[in-house]
Amino acid sequence: MPHSVPVPPTGFQALILCGPGVSLTTFTSSPEEHPKALLPVANRPMVYYPLSWCYSMGVTNITLITPPACQAPLEAALSQNPHLTSLPSPSPSVLAPADLTLTTGTAELLRLPEVQACIKSDFLLLPCDLICDIPGESLLEAWMVSQSALGGSTIRTGWNTDGPKTVGMGGEQGGRRGGLAVYYQSKGMEESVKGEVTDFVATAPLEQDEAPAVSHPLDGPAGLRFGLSKLVLSMPMDTLKENMEEQKGLLIRHSLVKKHAQVKMLTSYRDAHAYVFPYWVSRMAALNEKFESVSEDLVGWWAKSEWQTGLGEKLRLREVFQQKHKAGEGSEDGDNLEEEIDLKAMSTTKAGAGTPRDTSVSEENEFQFASRVNSGLDSGSESADTGKLTIPPLLAYMHSSKPSAPLVRRVDSSALLLSVSLRLAKLESVEEVGRTAASPFAHNQKVAYPAGVAQRCTVTKSDCLLAPNVTVEEKCVIKETVIGPNCHIASGARLTRCLVMDGAVIGERCQLTGTIVGRRSKIGRESVLKDCEVQDGNVVPDETDAKNEKFMVFEGLDDDEDGMDVSEDYGDDQDDDF
């Protein structure tokens, strides 16, 4: 009988990075009160989406990593917000390392002692702003099948400080599997926005003996692993353009062409920052102190080390993979080890079940044998004959750009916050199509409080979403708009493609188009706003007429700097905004 909830590999865990939200500064200027992870996306806290994605694939060991300033509001939301409390148990834990600041890079974060101690197995690394409708269990299956992890993942044991012991099939004892990164098409989609950042991604097809040989449907979750390829280059487009200006062109190393005859280069995809990492990646991050960003540094250099001669040595991967603790050695505290129980030999479902363990074969010899067996599978083993360092592959899943494809998007700018919320508002509600047919992101009702909507007004339910306790007076016209709880829309107001957050008040005869209104804000009567942003708690005067403006409490501080937006102080690279 199939499981109702997917069962992940043993010991698998998820880390969700909940940063301050530098790129959403209009609504995250006070992260100690309302951090980025709690911004509403289609009337749900942003962190709800990666959390529900983890639970749906059966991963329940979840840790939210956030700066100390954001810890209190995040913990309060986990215990009080109805959307977060409705998630399955156990609840995620919140980790706030003492040295984690609002400007710490994602790779720097992985080196913090508290985070290193937290990582105890193979893990998912996710941002809090990820909206992913791909069945997560399919991604895990793709990783497990391609990395010979059918029996489970790797778990760190108390006596082995070099890394975890493998509890799965394949004879791989050091946990040296490759990783998996997800990329999605960021242009030409319904929720795409102008000026959205992209990455330069180069991939190579898997070899014939590496690609799965089973038949599969062209579409659907079962076909995910057949769209995998090897990642050979990955960097932000800004970095690529800078390199091309310096080098007067796009220079490609001969070693890349020599290793991979077919390379596909893409410029319209973006790193989703959704990674499946083996345990040893945490040690790689700890040993390379120059790494700042996971996307650009850790992933980018790892991808190149697979084909660039000598790069793996510079990244200290031989040190990562070296097995220092051999069979018979004591544990770290000097205690003697109990006799190892060979669960594989006891199994009746694996080949060779019931075969007694040959105690004369040491763990070291067994490891060398497994390495020779898996050498053709890029298991990361070291050849005893040549001493050559084989780098585990970093696989890439390039998400389909078809209009019917599942939604995958990072919500790390105001424009994306609006466009993705409006996209989710178009999903049919559970009330309309039933629980089984509805999307995992669908709400129970499009209008949660019908009694609050006056008779003489127009609300297009097909593309609108109204939260509980929303009151709409007569003669209002609301189209393609998301309105949060406890909002009030006065008579004669017209809202088109807007996002109105909790407790906001829209005055009489206002006309709002493409505007985001922050929590507890008030828009004065007869105001006309187009493509504007209103900060939390701000009051827009009556009869205001504005276009492409940000209404912020401290907006005047930038007057001496020619109106420079506050977010520009942090640079254009959003990859480090964890």
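Derivation of every value follows stated rules applied to the coordinates shown; laboratory data play no part. Since this is a predicted model, take the numbers as computed values, not measurements. As a convention, Cβ positions derive from the backbone with ideal geometry for all residues, glycine included, and neighbour counts pool all protein chains shown.
Structure above, values below:
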read-out	value
Phi-based couplings in Hz for segment 246-260 (Karplus 6.51, -1.76, 1.60; Gly and Pro marked x)	6, 9, 6, x, 8, 9, 10, 5, 4, 5, 5, 5, 5, 7, 10
Amide H within-cut-off set for Phe200, under 5 Å, with H built and near neighbours excluded	Met235, Met237
Gain upon complete extension [Val430, Lys479; 0.36 nm per residue less C-alpha separation]	15.6 nm
Order of Leu251, Leu112, Leu317 - criterion: other Cβ atoms within 10 Å of each residue's Cβ, fewest first	Leu251, Leu112, Leu317
Percent of C-alpha pairs per 5 Å bin, segment 438-547, short to long	3, 13, 25, 29, 17, 9, 3, 1, 0
Gain in span if fully extended, Arg316 to Ser91, counting 0.36 nm per residue against the direct Cα distance	77.3 nm
